[in-house]
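Here is the structure we will look at.
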Amino acid sequence: MQGVEASKRNSHLFYSFLLLSFHLTLSLANKKAISKDQPCKHMVLYLHDIIFNGTNVANATSAQIAGSKPPLGDFFFGKFVVFNDLITGDHHLLSPAIARAQGFFFYNMKTDYNAWFAYTLVFNSTEYKGTINIMGADLMMMETRDLSVVGGTGDFFMTRGIATLRTDTFENIDYFRLKMDIKLYECY
C-alpha cells in the first residue's frame with residue numbers, strides 16, 4: 001500500500017514539475033530583452049512653457065497656483081505650477097504641435113534650483129495617438145536630467161523608459177524651452 005501512495009506522490013510531483021517547467025518556458029519565450037543601448041522607440045521633442053505674468057492671459061501655458069509670499073529663500077521653494085504646454089518636433093515655438101504636456105511641477109529645495117515634475121504628453125496627431133506619462137526630479141543646475149517614463153496609452157500602451165531633459169533656452173522667468181530626448185525601452 002505504501003508503494004502505491006509513494007508512486008502517486010512521485011507522479012504528482014513529476015506532473016507539477018512538468019507544468020512549472022512549461023509555464024517558465026512560455027514566460028521566458030514571451031519576454032522581450034531590454035537593452036539600454038537599443039530603445040524600441042526614440043523621439044526628440046521640445047516643450048515650450050510660457051509662464052503667466054499677469055498680463056499674458058491669451059498666450060500663457062502655465063500658472064503658479066501656490067507658493068509662499070514672501071518666498072522661502074532664493075530658489076522658489078514652495079512654488080507650485082500647473083501647465084498645458086505646447087510640444088513641437090523642433091525648437092520653434094510656432095512649429096506645428098505634436099502633443100501637449102499637461103501636468104505640474106513644484107520647487108522643492110531651499111539651497112538650489114530643483115523641481116519635481118509629473119506630466120502627461122497627450123498626442124493627437126497623424127503620427128501618434130495616446131499618452132506618455134513622465135515624472136521625476138529636475139535638478140535644474142545640471143546640464144541634463146533624467147526623468148522616468150512610467151506608462152502610457154494608445155500607441156504608447158504600458159511603455160517605460162527615460163526622458164532626458166536639457167534646458168534649450170529661457171527668457172527671464174517668462175519663457176523656457178526644454179529639449180526632451182525620450183527613449184522608450186518597453187513598447188507593446
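The values are calculated or read from the model by the stated rules, or taken from the named source; none is laboratory data. Nothing here was measured: the structure is a model prediction, and the numbers come from that model. All Cβ positions, glycine included, derive from the backbone under ideal geometry; neighbour counts span all protein chains shown. Just so you know, the surface numbers come from the protein's heavy atoms only, side chains and all, with ligands and any DNA or RNA stripped out. Shrake-Rupley method; radii C 1.70, N 1.55, O 1.52, S 1.80 Å.
Out of the residues in the range 136-158 meeting the condition of being open to solvent by 50 Å² or more (accessible area, probe 1.4 Å) and within 17 Å of VAL44 (Cα to Cα), tell me which one is nearest to the chain's Cα centre (by Cα).
Per the criteria, the residue is SER148.
Based on this model, can you work out whether THR169 counts as assigned to a strand (DSSP E or B) and among the hydroxyl-bearing types (Ser, Thr, Tyr)?
On the way: assigned to a strand (DSSP E or B): yes; among the hydroxyl-bearing types (Ser, Thr, Tyr): yes.
So THR169 passes the test.
With respect to LEU26, determine if the residue is farther than 29 Å from ASN133 by Cβ, over 29 Å from the mean Cα position of the chain (by Cα), open to solvent by 100 Å² or more (accessible area, probe 1.4 Å) and modelled with pLDDT under 90. Lay out the reasoning, then the answer.
On the way: farther than 29 Å from ASN133 by Cβ: yes; over 29 Å from the mean Cα position of the chain (by Cα): yes; open to solvent by 100 Å² or more (accessible area, probe 1.4 Å): no; modelled with pLDDT under 90: yes.
In short, no.
Restricting attention to the range 77-88, and to residues there that are open to solvent by less than 40 Å² (accessible area, probe 1.4 Å) and part of a loop (DSSP other than H, G, I, E, B), which single residue is modelled with the lowest pLDDT? Lay out the reasoning, then the answer.
Our first condition is that a residue be open to solvent by less than 40 Å² (accessible area, probe 1.4 Å); within the range 77-88, this holds for 78-79, 81, 83, 85-88.
Among the residues that remain, those that are also part of a loop (DSSP other than H, G, I, E, B) are: 78-79.
Numbers: GLY78: 81, LYS79: 86.
Selected residue: GLY78.
Scan (1) within 15 Å of ALA115 (Cα to Cα); (2) open to solvent by less than 40 Å² (accessible area, probe 1.4 Å) for the single condition CYS187 breaks and write down its number.
(1)
Of the numbered conditions (1) of a type outside the set (S, T, N, Q); (2) open to solvent by 40 Å² or more (accessible area, probe 1.4 Å); (3) in contact (Cβ under 8 Å) with a residue 12 or more places away in the chain, ILE132 fails exactly one; give the number of that condition.
Unmet condition: (2).
Regarding the range 166-174, can at least one residue be identified that is at pLDDT 95 or above, closer than 20 Å to LYS129 by Cα and not polar (S, T, N, Q)?
no
Quick one: how many residues across the range 102-129 are open to solvent by 70 Å² or more (accessible area, probe 1.4 Å) and in contact with a Ser or Thr (Cβ under 8 Å, 6 or more places away or on another chain)?
1
When you scan the range 122-135, how many residues do you find that are more than 17 Å from LYS41 (Cα to Cα) and in contact with a Phe, Trp or Tyr (Cβ under 8 Å, 6 or more places away or on another chain)?
The qualifying residues number 1.
What about MET180, is it over 19 Å from PHE80 (Cβ atoms) and part of a loop (DSSP other than H, G, I, E, B)?
Working: over 19 Å from PHE80 (Cβ atoms): yes; part of a loop (DSSP other than H, G, I, E, B): no.
Spelling it out, it is not the case that MET180 is over 19 Å from PHE80 (Cβ atoms) and part of a loop (DSSP other than H, G, I, E, B).
It is to be established whether one or more residues within the range 62-76 are under 30 Å from PHE157 (Cα atoms), at pLDDT 80 or above, open to solvent by 50 Å² or more (accessible area, probe 1.4 Å) and not small (Gly, Ala, Ser).
no
Which number in (1) outside any strand (DSSP E or B); (2) within 30 Å of ASP74 (Cα to Cα) marks the one condition that PHE106 misses?
(1)
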